[in-house]
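Please read the structure below before turning to the comments.
The values are calculated or read from the model by the stated rules, or taken from the named source; none is laboratory data. Fair warning: this is a prediction, and the values are worked out from it, not measured in the lab. So basically every Cβ, Gly included, is an ideal-geometry build from the backbone, and we count neighbours across all protein chains shown. In case anyone asks, the SASA skips ligands and DNA or RNA and just uses the protein heavy atoms, side chains included. Shrake-Rupley method; radii C 1.70, N 1.55, O 1.52, S 1.80 Å.
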Amino acid sequence: QVQLVESGGGLVQPGGSLRLSCATSGSLSGIYAMAWYRQVPGNQRELVARVANGSGTIYKDFAKGRFTISRDNAKPAVYLQMTNLEPEDTAVYFCNLGAGGAVYWGQGTQVTVSS
């Protein structure tokens with residue numbers, strides 16, 4: 001069983017930065033992708049960024065130029081560096097891992113961007 005635990009969320013002013021972390025536990029092997037999603041109450045969960053087993057990354061348009069996803073395969077863990085945050089970035093951010101046909105989610109971490 002794989003478990004994901006996010007951390008690093010909080011309250012930040014517009015224009016500020018946050019770094020989200022997602023630690024994993026359990027048995028992981030082989031090829032897997034890791035990603036960050038976010039969800040606002042009443043809306044569907046949406047992809048923010050994804051990093052493949054190598055270094056290939058995908059970003060949604062709203063994240064390009066402001067957010068950076070990275071992973072540490074030795075731990076393993078995935079990170080999301082967010083800069084120039086806007087009130088529209090307020091959401092619960094979820095860590096996601098896909099491996100061998102299975103999909104795992106963390107419990108989410110709240111990010112609030114407000115003055």
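Of all the numbered requirements in (1) open to solvent by 80 Å² or more (accessible area, probe 1.4 Å); (2) closer than 16 Å to Thr112 by Cβ, Ser17 misses one, and that requirement is (1). Going by the structure shown, is Glu6 without any contact (Cβ under 8 Å) to a residue 60 or more places away in the chain, under 16 Å from Thr112 (Cα atoms) and outside any loop (DSSP other than H, G, I, E, B)? Spelling it out, it is not the case that Glu6 is without any contact (Cβ under 8 Å) to a residue 60 or more places away in the chain, under 16 Å from Thr112 (Cα atoms) and outside any loop (DSSP other than H, G, I, E, B). For residues that are among the hydroxyl-bearing types (Ser, Thr, Tyr) and farther than 15 Å from Arg45 by Cα, scanning just the stretch 75-115, find the one that is surrounded by the fewest Cβ atoms within 10 Å (Cβ to Cβ). The extreme case among them is Ser115. Which of the residues spanning the stretch 20-33 are more than 19 Å from Gly100 (Cα to Cα) and open to solvent by 60 Å² or more (accessible area, probe 1.4 Å)? Selection gives nothing. Take the stretch 1-41 and flag every residue that is β-branched (Val, Ile, Thr) and at pLDDT 95 or above. Scanning the stretch 1-41 gives Val5, Val12, Val40. Residues of the stretch 30-42 that are touching a residue at least 60 places away in the same chain (Cβ under 8 Å) and more than 17 Å from the chain's Cα centre (by Cα): Gly30, Ile31. Among all residues of the stretch 59-72, there is at least one that is within 21 Å of Ser115 (Cβ to Cβ) and not aromatic (Phe, Trp, Tyr). For the stretch 61-74, check the following and say yes or no: at least one residue is hydroxyl-bearing (Ser, Thr, Tyr), part of a strand (DSSP E or B) and open to solvent by 40 Å² or more (accessible area, probe 1.4 Å). So far as the stretch 61-74 goes, yes, one or more of its residues are hydroxyl-bearing (Ser, Thr, Tyr), part of a strand (DSSP E or B) and open to solvent by 40 Å² or more (accessible area, probe 1.4 Å). Could you list, in sequence order, the residues of the stretch 34-54 that are closer than 16 Å to Lys75 by Cβ and open to solvent by 30 Å² or more (accessible area, probe 1.4 Å)? Once the filter is applied, which keeps residues that are closer than 16 Å to Lys75 by Cβ and open to solvent by 30 Å² or more (accessible area, probe 1.4 Å), the stretch 34-54 yields only Asn53.
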